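Below is one structure, written out as structure tokens, with a few remarks after it.
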Amino acid sequence: MNFKGLKMTLTHLDVAVTQLNNYKMRFVGKGFAGECELLGSQREYTKLVRIGVNSDYEHDQLVRAQELIAEWQRGSELE
């Protein structure tokens with residue numbers, strides 16, 4: 001899954017997504033927030049994810065978002 005696919009899929013889960021540039025986006029769900037970032041060059045890059053969760057969150061939405069983000073981290077960005 002590429003960056004655009006992750007953004008669209010998170011949006012379908014009612015997660016607010018803002019893409020800051022081609023390499024970084026932020027998202028906010030019900031009780032959690034985070035960002036995804038591509039670091040490095042086109043040949044060698046790292047996918048960095050930060051997520052913060054508060055004590056009052058929607059479990060199903062968070063779990064599904066984490067699954068999608070993990071799938072994005074495993075996949076190749078150059079699809």
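The values are calculated or read from the model by the stated rules, or taken from the named source; none is laboratory data. The shown structure was predicted, so the numbers you read here are calculated from the model rather than taken from an experiment. For neighbour counting, all protein chains shown are included, and Cβ atoms are generated from backbone atoms with ideal geometry for every residue, glycine included. What goes into the accessible areas is simple: the full protein's heavy atoms, side chains included, and nothing from ligands, DNA or RNA. Shrake-Rupley method; radii C 1.70, N 1.55, O 1.52, S 1.80 Å.
Below, the figures for the structure above:
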read-out	value
Within region 1-45, considering residues that are of a type in the set (S, T, N, Q) and within 16 Å of residue 71 (Cβ to Cβ), the one surrounded by the most Cβ atoms within 10 Å (Cβ to Cβ)	9
Test result for residue 73, part of a helix (DSSP H, G or I) and open to solvent by 80 Å² or more (accessible area, probe 1.4 Å)	yes
Residue satisfying all of: in region 46-65; surrounded by 15 or more Cβ atoms within 10 Å (Cβ to Cβ) and in a strand (DSSP E or B); modelled with the highest pLDDT among these	51
Near pairs, Cβ below 8 angstrom, 6+ apart or cross-chain, from region 7-27 (closer than 17 Å to residue 58 by Cα and in contact (Cβ under 8 Å) with a residue 40 or more places away in the chain) to any residue that is assigned to a helix (DSSP H, G or I) and open to solvent by 60 Å² or more (accessible area, probe 1.4 Å)	13/64
